[in-house]
Amino acid sequence: MPNRLAASTSPYLQQHRDNPVDWYEWGAEAFAAARERDVPLLISVGYAACHWCHVMAHESFEDATTAAFMNQHFVCIKVDREERPDVDAIYMEATQAMTGHGGWPMTVVATPDGDPFFCGTYFPPRPVSGMPSFPQVLASLAAAWTTRRGEVDQSASGIREALGAQVRGELPAAGVLDEALLADVASTLRRSYDAARGGFGGAPKFPPSMLLEWLLRRAARTGEPEALAMASSTLEAMARGGMYDQLGGGFARYSVDAGWVVPHFEKMLYDNALLLRVYAHWWRLTRSPLAHRVVTETADWLLRELRTPEGGFASALDADSVPAGDPDGHPHEGAFYVWTPEQLVEVLGDDDAAWAAGTFDVTAAGTFEEGASVLQLLRDPTDADGAPDPERWADVRRRLAEAREARPRPARDDKVIAAWNGLAIAALADAGALLERADWVDAAVGAAALLERHVTRDGDVVRLARASRDGVVGAAAGVLEDYADVAEGLLALYSATGDEAYVVRAGELLDEVLARFSEAGAAAGGGTGFYDTAVDETDAVLARIRRPRDVADGPTPSGQAAAAGALVTYAALTGSLRHREAAEGALTEPLLVARRYPRAAGWALATAEALLDGPREVAVVGDPADPATRELVRAAVSSPAPGAVLAFGPPRESASTDDAATRHRVGLLDDRPLVAGRPTAYVCRGFVCERPTTDPTDLARQLAS
């Protein structure tokens, strides 16, 4: 019989609906049951595309004996970390503090009040490599609860107090944002740069998307060759390696080795959104043909494989799938993507298979498991004489892709996460405007329309829900990254479409950030930073430990850095000093992190680079349908100036009133007359404006200076 998870909107929880474990969702019912039975909570945290989550589920949660012990001695809670990042953040901090490492699946045992006293990750069904088995762990914890209760309660209390003590260190004084700081951080980053293979540090290697965005902005602002070299070599290495899907487009989660050869095969929306945007900006700066191909293929992959019927974007594709012809039908990691020489021959014939094997580095020994290889493109395709051969390459790719479509596909996690869709909207809007792909911009418009269903209005308060599935909005409240990333996407969509309604919607979300996520509240304009949860939506169980607050980037920008970035853009468009001050305050802590750990503060550094550049404010006034207006807009979009902000539309006078109706008005367009009756561009920077111009070439020169 299905358990309590059968009614969940989370695909990850749905994967566990038929477990013999009597799972609860996170909530009051579970905590009440634990108190009534006087047993501890077993909190299992994972996500739908997590390979080792699937392994532990198959080995332990589907085992009747293990499940019976869990049901007898614990109240078991299953948490989707992507729907409840606040729950995940608190218990991951505890796991890292207690074990020295973290990851998923995460296994936490806590008192009925939610205070953790044991944390771990994956546990095997039998002892192996010095690790205890999961049944051994469970038995030990159950015994401790019944025979050493005083020690357990004391330990849980101590852990809660330690987690609640926020040691933030001495904050730097206001005005720390300057070139010297960013130059010092760049010098620190160079020490971890892998000059031979691109990227930073060793294995495993994750795509440093936000850091690469900073390096591209830094190269554009300062002309620093090392910044561009580090970014370009890393972007090329990732695009040519196995982490990039050479047949279908899109990037896997990370490379398990230092050379970008073998990926962990799950494909996440957030990675591909961030990488799509940074590759588009790489193309804008360098006009690299490789960048153009990656942008085109990745955007098309997003629309083809992750877009939902409602217009949003699904969260992920699984790493595992059933190998074609597998008699047992057991999923294996990477089965959909890897090839053997024999499989190439079967699809292509001897001659083309030999050529493809050389082009994609498919060998008899293989680069993955059981003699299979992950496709790479270490060099551009050539014919026997060494001349470029794009036609043969396109034909071979098409035939291999068609054959691959006959294989069992990886499962898709269909939930729509607000923050990740915000990142996708920003990427598609930017790339669509830059490469003049109206279908990408239209897809961004559709995703923004779906996210409107996530919004509710309670009087003057605007609330954003975290997730939906099949158009049904979930109960989990949005966290800071949801408000900030959706605002970022809406502002990018405004600059791609000229529809001022997107600025209004972004402004409403950012007003909530200042009012409900801020340390100091709206009266102080945002204080020096933000919490990850709204003051009136912080989970009561988590609040006993501490209100979540993480200033370091993970695989996505930290909520605080994301908020700073959106606030900077909004301030430039509207002229709001309050939002600019809040942005600068929000950067204080992330930039403190950047001094020692640049890789944990990439988006804050990118936003700081934009602030040091102004950011450039570009207003193009004229009829949007006029070709001359469109040429000026095209010149502005093509500028690599860091964080440049674009507004365009017919000329107009400034608003005569200062009320709610004009609160989110794009002031950048106000009082900008046409010159000689022709569409005109205005460039401003640091409260100083260049002379207006009607010439796209002159506009490009002004933006390049």
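The values are calculated or read from the model by the stated rules, or taken from the named source; none is laboratory data. As the structure is a computational prediction, the values presented were derived from the model and not from experiment. All Cβ positions, glycine included, derive from the backbone under ideal geometry; neighbour counts span all protein chains shown.
Where strands (runs of 3 or more DSSP E) fall entirely within region 389-471, those with at least 1 residues that are surrounded by fewer than 22 Cβ atoms within 10 Å (Cβ to Cβ) and modelled with pLDDT of 95 or more are at 455-458, 461-464. Inspect region 85-105 for any residue being without any contact (Cβ under 8 Å) to a residue 60 or more places away in the chain, of a type in the set (Phe, Trp, Tyr), surrounded by fewer than 24 Cβ atoms within 10 Å (Cβ to Cβ) and in contact with a strand residue (DSSP E or B) (Cβ under 8 Å, 6 or more places away or on another chain) and give the result as yes or no. Yes, the conditions are met somewhere in region 85-105. Cβ-Cβ distances below 6 Å connect no pair with a first residue in region 146-173 that is under 18 Å from Val108 (Cβ atoms), a second residue that is at pLDDT 90 or above and surrounded by fewer than 15 Cβ atoms within 10 Å (Cβ to Cβ), and a separation of six or more residues or different chains.
Just to be sure, is Glu93 more than 25 Å from Ala162 (Cβ to Cβ) and either assigned by TED's automatic domain parsing to the domain that holds His264 or of a type in the set (Asp, Glu) (or both)? Step through it out loud before you land on a result.
Numbers: more than 25 Å from Ala162 (Cβ to Cβ): no; either assigned by TED's automatic domain parsing to the domain that holds His264 or of a type in the set (Asp, Glu) (or both): yes.
So Glu93 does not fit the description; no.
Of the residues making up region 651-666, those that are under 35 Å from the mean Cα position of the chain (by Cα) and either modelled with pLDDT of 90 or more or of a type in the set (A, V, I, L, M) (or both) are Ala660, Ala661, Val666. Any chance region 505-514 includes a residue that's in a loop (DSSP other than H, G, I, E, B) and of a type outside the set (D, E, K, R)? Among the residues of region 505-514, not one is in a loop (DSSP other than H, G, I, E, B) and of a type outside the set (D, E, K, R), which makes the answer no. For region 553-569, a residue qualifies if it is in a loop (DSSP other than H, G, I, E, B) and either under 11 Å from Ala583 (Cβ atoms) or in contact with a Phe, Trp or Tyr (Cβ under 8 Å, 6 or more places away or on another chain) (or both), and the qualifying residues are Asp553, Pro555, Thr556, Pro557, Ser558. With respect to (1) in a loop (DSSP other than H, G, I, E, B); (2) closer than 30 Å to Asp184 by Cβ, the lone exception for Glu609 is condition (1).
Matching residues to (1) in contact with a Phe, Trp or Tyr (Cβ under 8 Å, 6 or more places away or on another chain); (2) not small (Gly, Ala, Ser):
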{"residue": "Tyr279", "(1), (2)": "no, yes"}
{"residue": "Trp283", "(1), (2)": "no, yes"}
{"residue": "Arg293", "(1), (2)": "no, yes"}
{"residue": "Thr298", "(1), (2)": "yes, yes"}
{"residue": "Leu302", "(1), (2)": "yes, yes"}
{"residue": "Gly311", "(1), (2)": "no, no"}
{"residue": "Ala319", "(1), (2)": "yes, no"}
{"residue": "Gly329", "(1), (2)": "no, no"}
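Among the residues of region 83-134, write down those that are of a type in the set (Ser, Thr, Tyr) and assigned to a strand (DSSP E or B). It would help to see each step written out before you state the result.
Our first condition is that a residue be of a type in the set (Ser, Thr, Tyr); within region 83-134, this holds for 91, 95, 99, 107, 111, 121-122, 129, 133.
If the condition is that a residue be of a type in the set (Ser, Thr, Tyr) and assigned to a strand (DSSP E or B), then Thr107 is the only one that fits.
Can you pull out every residue in region 153-193 that is more than 28 Å from the chain's Cα centre (by Cα), in a helix (DSSP H, G or I) and either among the small types (Gly, Ala, Ser) or at pLDDT 90 or above (or both)? Scanning region 153-193 gives Asp153, Gln154, Ser155, Ala156, Ser157, Gly158, Ala162, Ala180. Of the residues making up region 58-66, one or more are aliphatic (A, V, I, L, M) and either touching a Gly at 6+ places or on another chain (Cβ under 9 Å) or surrounded by fewer than 23 Cβ atoms within 10 Å (Cβ to Cβ) (or both).
Annotation note: of Ala635, Ala625, Ala600, Ala606, the sole residue that is in contact with a strand residue (DSSP E or B) (Cβ under 9 Å, 6 or more places away or on another chain) and of a type outside the set (Val, Ile, Thr) is Ala635.
Within region 60-79, the set of residues being hydroxyl-bearing (Ser, Thr, Tyr) and more than 34 Å from the chain's Cα centre (by Cα) comprises Thr65, Thr66.
Residues in region 219-263 that are over 13 Å from Val294 (Cα atoms) and within 18 Å of the chain's Cα centre (by Cα): Ala252, Arg253, Tyr254, Ser255, Pro263.
Yes/no per residue for (1) in a loop (DSSP other than H, G, I, E, B); (2) aliphatic (A, V, I, L, M); (3) at pLDDT below 95:
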site: Trp282; (1), (2), (3): no, no, no
site: Trp301; (1), (2), (3): no, no, no
site: Arg304; (1), (2), (3): no, no, no
site: Pro309; (1), (2), (3): yes, no, no
site: Ala324; (1), (2), (3): yes, yes, yes
site: His330; (1), (2), (3): yes, no, yes
site: Ala335; (1), (2), (3): yes, yes, yes
site: Glu342; (1), (2), (3): no, no, no
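Looking only at region 271-288, which residues are under 16 Å from Asn421 (Cβ atoms) and of a type in the set (A, V, I, L, M)?
Ala273, Leu274, Leu275, Leu276
Screening Val637 with (1) outside the structural domain of Gly201 (by TED's automatic domain parsing); (2) surrounded by fewer than 18 Cβ atoms within 10 Å (Cβ to Cβ); (3) not polar (S, T, N, Q) gives one miss only, at (2). Exactly one residue out of Ala582, Ala610 is closer than 23 Å to His281 by Cα and among the hydrophobic types (A, V, I, L, M, F, W, C): that is Ala610.
Taking the conditions exactly as written (under 23 Å from Leu587 (Cα atoms), in contact with an Asp or Glu (Cβ under 7 Å, 6 or more places away or on another chain) and at pLDDT 90 or above), does Leu612 satisfy them or not? Spelling it out, Leu612 is indeed under 23 Å from Leu587 (Cα atoms), in contact with an Asp or Glu (Cβ under 7 Å, 6 or more places away or on another chain) and at pLDDT 90 or above.
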